[in-house]
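What follows is a short report on a single structure.
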Amino acid sequence: MQRTFTDQLGNKVTFNYPPKRIISIVPSQTELLFDLGLDEEVVGITKFCIHPLIKFASKAKVGGTKKLLIEKIRDLKPDLIIGNKEENTQSEVELLMQEFPVWMSDISNLEEAMVTITQIGELVNREPEAAYLNHLINAGFTDLQSLAITKNINKSVAYLIWKDPYMFAGQHTFIDDILRKIGLQNVITQSRYPEHLIEELKTANCELVFLSSEPYPFKQKHIDEIQSVLPNAKVMLVDGEMFSWYGSRLVKAVNYLFHLQDELKDN
């Protein structure tokens, strides 16, 4: 039977329910679909949808999140495509919408991520599984916020996502919200992902500098470079997936962030 849903951009999306041929064009949402039990239904993913690895190896690749292989998508004949406003290119999404049902998410904080898990669960007939994931995520992040208070974690931080030029996660981003959830205050006051010189952090009372593992693969040499400019800050590598993937990866992120809180408490 056909059912109509409204995506997070306000678009009406009608498709045969439940969908049997799904293409996911966002890595975190791809992982979510697999964790909801959709092994056979997911027929296409991007080259960045690396989790779980065994599924990545067996599924057709439809390009990158921002440069899709449109003809490959057509060949796969999906009855539903699931994307995201920030991750995917608007012109490509609009082109796909002319031919296929496309459901888009728009996420900037943890609460919106949990709504998305619920809604994707409804899209693919996996409501109980989605509810259980949200139960785990909500419980974990409630504890993280409580621990931030009891451990007196109240430090200022800058979170780098790119080099040459240096780009930071600013306000109104999912990363910023996760930082706040664990007791950290973002020194970057602009929205989205502004460019800054590292030297500018000297006047921002920046106690921590997080170098993300993605999308730019920061390494130890970058810690050394930045530490020389900011000798009074603690500069460290962090797992970008734990701060920016907003699907079922959030369950794993809870444990990672607990350990990070312990490390910050002792410094």
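Overview of results
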read-out	value
Where the Cα pairs of the stretch 222-267 fall when distances are cut into 5 Å bins, in %	5, 19, 21, 18, 18, 12, 6, 1
Most mobile of D177, D164, D106 in a GNM of the chain (Cα contacts under 10 Å)	D164
Neighbourhood net charge (14 Å Cβ-Cβ; Lys/Arg +1, Asp/Glu -1) for K47	+4
Amide H partners (placed H, <5 Å) of K20, local residues excluded	D79
The stretch 112-225, accessible surface, carbon-and-sulfur percent (1.4 angstrom probe)	52 percent
Lys pairs, the stretch 11-101 - Cα-Cα below 19 angstrom, 8 or more residues apart or on other chains	23
Under 5 Å, built H, 5+ apart or other chain: amide partners of V62	I45, T46, K47
Estimated vicinal HN-Hα couplings, Hz - the stretch 67-76 in sequence order (Karplus 6.51, -1.76, 1.60; Gly, Pro = x)	9, 7, 8, 4, 5, 5, 5, 4, 5, 7
Kyte-Doolittle mean at least 0.5, axial Cα span of 18 Å or more - DSSP H helices of the chain	110-123
Per DSSP, loop trypsin sites (Lys or Arg not before Pro) in the stretch 1-38 with at most 15 further Cβ within 10 Å	K20
Long-range HN-HN contacts of G170 with modeled amide H, under 5 Å	R192, Y193
J(HN,Hα) series, the stretch 56-61, from Karplus relation 6.51 cos²θ - 1.76 cosθ + 1.60, nearest Hz, glycine and proline x	4, 5, 9, 9, 5, 9
Where the stretch 43-106 is the region considered: accessible area per residue in Å², 1.4 Å probe	50 Å²
Projected label distance in nm at R3 and S213, using a 7 Å step from Cα toward the beta-carbon	3.5 nm
Candidate aspartates and glutamates - alpha carbon under 15 Å from K181, same-chain residues fewer than 8 apart omitted	E111, E112, D143, D262
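The values are calculated or read from the model by the stated rules, or taken from the named source; none is laboratory data. Please read all numbers here as calculations on a predicted model, not as lab measurements. Virtual Cβ from ideal backbone geometry, glycine too; neighbours counted across all protein chains shown. Keep in mind that these areas ignore ligands, DNA and RNA; they rest on the heavy atoms of the full protein, side chains included. Shrake-Rupley method; radii C 1.70, N 1.55, O 1.52, S 1.80 Å.
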